[in-house]
1. For segment 248-394, what is the relative contact order in percent, using Cα pairs closer than 8 Å and at least 6 residues apart in sequence?
2. If you plug each phi of segment 363-371 into the Karplus form 6.51 cos²θ - 1.76 cosθ + 1.60 with θ = phi - 60°, what whole-Hz ³J(HN,Hα) values come out, in order, with x for Gly and Pro?
3. What does a probe at Ser301 reach in segment 363-377, counting residues whose amide N is under 17 Å from the point 7 Å along Cα→Cβ?
4. Would you be so kind as to identify which of Phe376, Gly304, Gly389 lies farthest towards the positive end of the dipole of segment 286-394, taking Lys and Arg as +1 and Asp and Glu as -1 on Cβ and the Cα centre as origin?
5. In whole angstrom, note down how far apart the Cα centers of segment 173-193 and segment 324-385 are.
6. Using a ≥ b ≥ c from the Cα gyration tensor of segment 304-393 (square roots of the eigenvalues), is it rounded, prolate or oblate, where a/c under 1.5 gives rounded and otherwise the larger of a/b and b/c decides, a/b for prolate?
7. I'd like to compare 310-318, 295-303: which one has the highest average count of other Cβ atoms within 10 Å, and what's the full order after that?
8. With respect to the cross-link table entries Lys57/Lys320; Lys195/Lys218; Lys211/Lys351, which display a Cα-Cα separation exceeding 32 Å?
Amino acid sequence: MKYGKAMAVCLCIFLLSGMIPDTGVSKNHTGVLLVSATTTQQQIKDKEEEKEELEQKDRENDKNLDELKKKQKQLKKELDELGDRMDEVISRLEDLESQIAVKEQEIGESGQALAQAHEKETDQYESMVTKIRYIYENKEKSFLGAILKEKSFSDVLNTADYVERIAQYDRRTMDDYCNNRVLIEELDGKLQYEKIQLDALQEQAKEEQGKVTELIQKATKTLEKYADKIADAEQRAREYEEELKQAEKDLQYLKKKLAEEIALSQAAANGAWRDISQVTFSEGDRKLLANIIYCEAGGESYEGKLAVGSVVINRLLSSKFPNTLTGVVYQKNQFSPAASGRLALALEKDKATAACYRAADEAMAGKTNVGTCVFFRRPVEGLTGIVIGGHIFY
């Protein structure tokens with residue numbers, strides 16, 4: 001690519017220029033920082049060991065983060081199940097309350113009926129007592145008077161029979177009232193017993209509701225603790241990522257990295273390229289590209305976001321890089337957010353903005369504002385390329 005020769009020259013200047021023996025570091029007349037080849041090897045080794053240690057800590061943190069998220073997911077599942085159980089308990093309580101209300105209404109109605117039965121029975125009893133007392137006190141006068149009034153013996157018999165029937169009717173009525181009262185008392189007793197059972201079921205449901213509420217509160221508190229632990233792990237991931245970036249900024253490490261990148265950039269420029277129309281994107285590629293843009297250039301202008309997206313797509317089109325978007329993004333030692341776990345966090349919550357998605361769409365359609373550049377980083381001395389915002393593309 002067009003910047004390849006300039007970068008190769010810069011690299012040669014780095015490696016071949018004169019040195020200060022004491023420190024192994026000097027500057028040429030252009031102000032470019034130079035490093036001794038005799039000390040570079042050991043310094044690169046030391047820096048790589050430091051970087052490997054950071055990466056190991058980062059992997060362990062990622063593993064711990066994954067375990068925490070699994071436990072968090074299980075707790076959320078248990079909390080959902082407790083929520084369903086609570087819904088069932090509340091539904092059962094509502095049903096019991098409805099049944100109790102109906103039962104109380106039935107008990108009220110039976111109580112009214114029982115009071116009316118008692119009243120009718122009392123009235124009938126008092127009526128019979130009054131009649132009996134009257135007949136007893138006036139039996140001779142009344143009975144004889146009734147007989148003397150009759151004109152024939154048959155009329156006398158009819159009158160006597162009538163009086164007897166009245167007495168029998170009063171007795172039957174009294175018996176009916178008594179029987180009806182007994183039935184109502186039995187019904188009332190049954191309703192009272194059923195209400196006692198419903199009250200007991202209601203108490204059991206309330207007790208279960210209390211237990212479920214306690215379990216939900218406990219699970220919620222535990223979930224909050226895991227959320228705090230996850231937040232701490234995510235913070236550590238960001239810190240490791242920053243430390244890794246800092247290690248990469250070290251001049252000795254950067255020399256080797258730049259040499260590899262420049263060589264690969266030149267090889268890509270001279271290698272085979274396919275057209276964007278030949279690329280078949282997989283489901284999720286758009287979200288992945290938008291979120292890596294967010295992680296690498298979330299604070300940059302739209303042009304900076306499009307430039308990062310263009311680099312990713314350029315790698316996809318080049319024969320020197322993986323032929324899938326996933327392979328490009330997760331290629332080892334390429335995009336630090338993918339290695340540190342920050343990309344995974346962004347994907348989980350889809351933090352990519354509308355501008356990130358727009359840049360992803362344009363890059364996936366073949367638009368580029370950095371030509372065929374396949375690398376970018378923070379600007380460093382001696383590195384030339386297309387500068388957009390806080391990045392230089394080469």
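Each value in this text was obtained by applying a stated rule to the coordinates, not by laboratory testing. Because the structure is a prediction, the values reported are computed rather than measured. Here Cβ is always computed from backbone atoms with ideal geometry, including for glycine, and neighbour counts include all displayed protein chains.
1. Numbers: 194 pairs, mean separation 43.5, N = 147.
Relative contact order, segment 248-394: 30 percent.
2. These are the phi-based 3J(HN,Hα) values: 5, 5, 8, x, 7, 9, 10, 10, x Hz.
3. 368-371
4. Value: Phe376.
5. 87 Å
6. Numbers: a/c = 1.27, a/b = 1.26, b/c = 1.02.
Note, shape of segment 304-393 comes out rounded.
7. Working: 310-318: 23.8, 295-303: 17.7.
Final packing ranking: 310-318, 295-303.
8. Details: Lys57/Lys320 30 Å; Lys195/Lys218 34 Å; Lys211/Lys351 38 Å.
Listed pairs above 32 Å: Lys195/Lys218; Lys211/Lys351.
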